[in-house]
1. Across the stretch 18-41, what is the total count of residues that are part of a helix (DSSP H, G or I), touching a residue at least 40 places away in the same chain (Cβ under 8 Å) and of a type outside the set (S, T, N, Q)?
2. What's the number of the only condition in (1) assigned to a helix (DSSP H, G or I); (2) modelled with pLDDT under 95; (3) of a type in the set (Asp, Glu) that residue 62 fails to meet?
3. Can you tell me how many residues in the stretch 15-33 are at pLDDT 95 or above and within 19 Å of residue 4 (Cβ to Cβ)?
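The values are calculated or read from the model by the stated rules, or taken from the named source; none is laboratory data. Predicted, not measured: the structure shown is a model, and the values here were computed from it. Cβ placement follows ideal geometry from the backbone for every residue including glycine, while neighbour counts extend to all protein chains displayed.
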Amino acid sequence: MKNRMFTNIVMLGAITDLTGIVSEEAMREAVRNSVPRATVEKNLAALEEGFALAREIKEVSDIRWVEKEEVRNRLPRFSFLLTLET
């Protein structure tokens, strides 16, 4: 996506796919309900680019979602970050 205006939505798609905190469909619906009507299609296209970007990242890297308990055990001083639960 060449337009920098939609970069935040691309990243939202990537984070959605990488973390799995919410489903892709739930995020699509959130975008549909949150952006100006005139930009819905462009924002959804940006979101799809983010999903695709995350899939590419996962294919070539060892990235994975780390369980909270693993973070607490490995990085106890950063466990305060885990208080932001969904």
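1. Step one: of the stretch 18-41, the residues part of a helix (DSSP H, G or I) are 18-19, 24-34, 37-41.
Within this subset, residues satisfying the condition of being touching a residue at least 40 places away in the same chain (Cβ under 8 Å) are 18-19.
Subsequent filtering for residues that are of a type outside the set (S, T, N, Q) retains 18.
Result for the stretch 18-41: 1.
2. (1)
3. 1
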